[in-house]
Structures are given as C-alpha cells and as structure tokens.
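The values are calculated or read from the model by the stated rules, or taken from the named source; none is laboratory data. Because the structure is a prediction, the values reported are computed rather than measured. Methodologically, a virtual Cβ is constructed for each residue, glycine included, from the backbone with ideal geometry; neighbour enumeration extends over all protein chains shown.
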Amino acid sequence: MTHGGWRADRLADKIRGEVAGMISGELKDPRIGFTTVTRVDLSHDLHRARVWVSVLGDEAAQQRTLEGLSSAVGYVRREVSHRLRLHRVPDLTFVLDRSSEEASRMEALLQDLKGKGQGTAERE
C-alpha cells in the first residue's frame, strides 16, 4: 500500500475515505464523472500523496475528470486537513488507475481464447 509502516498506511486509508466521500458527495464540477478512489500512496516523508482513481467512461471522460479533480485539489487538501486534524497535509496528485481496465481487457482476451479453444475441440 504505502511506504513507511502502519502509521502511513492508516493515514493513507483515512485520506482515501475522505477524498472518496468528497468526490461522491461534495464536488460539483460537471467535468467529474463517476469516480472511485482505489488507493492512496504516500511518500516516505508523508509530504506527497498519489490518489489513484478509477473513472467510468472513455478516454475523454477520464481526462475531463482528472482535470476537474486537479482543479479541486486545494479544496480537497483543505478539507482533509480539517477533517483529519492534520497540521501538514500531503500534496495531493490525482492519478488515473487503469488496473480495472486492464483486468477487464485480460478477462475478455481469456474468454475469447476459451471460446476459440472450444470451437477447435468441437470440430475434431
């Protein structure tokens, strides 16, 4: 999950929860589509956090969502600071998490291969 032990892991999980709540219920930017915060990775010194998000939609929708999230980063940092009572909030960077897309693509490829394999077996 993160580097730096249990404290960093707990902080990353708390940040993930707060940011996810803000995205789903508070951020009103029309560019932000259906977004799931998949994880938060903190730097060793806890000064930087990469917030990984999965966005439903095509490439254009994903890019618009990242732009909307990036423009809201000041508000998100301020709110995380208040809600978690942190003196020093990590600099947040939103990053597109494509792991679910890759998993879906691999699943489709496996299904395709499986289907071709059955077709070959039936002809023999």
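Glu67 satisfies every condition listed in (1) surrounded by fewer than 17 Cβ atoms within 10 Å (Cβ to Cβ); (2) within 18 Å of Gly21 (Cα to Cα); (3) of a type in the set (Asp, Glu) except (2).
Would you say Val73 is surrounded by 13 or more Cβ atoms within 10 Å (Cβ to Cβ) and in contact with a helix residue (DSSP H, G or I) (Cβ under 9 Å, 6 or more places away or on another chain)? Judged against the criteria, Val73 is not a match.
Of everything in segment 45-59 that is among the hydrophobic types (A, V, I, L, M, F, W, C) and in contact with a strand residue (DSSP E or B) (Cβ under 7 Å, 6 or more places away or on another chain), the residue that is nearest to Arg88 (Cα to Cα) is Ala49. Residues in segment 49-78 that are of a type in the set (D, E, K, R) and closer than 21 Å to Ala8 by Cβ: Arg50, Arg77. Looking only at segment 37-53, which residues are crowded, with 18+ Cβ neighbours inside 10 Å and not charged (D, E, K, R)? Matches in segment 37-53: Val37, Val40, Leu42, Leu46, Ala49, Val51, Trp52, Val53. Scanning segment 86-110 for residues that are modelled with pLDDT of 95 or more and over 14 Å from the mean Cα position of the chain (by Cα) yields Pro90, Asp91.
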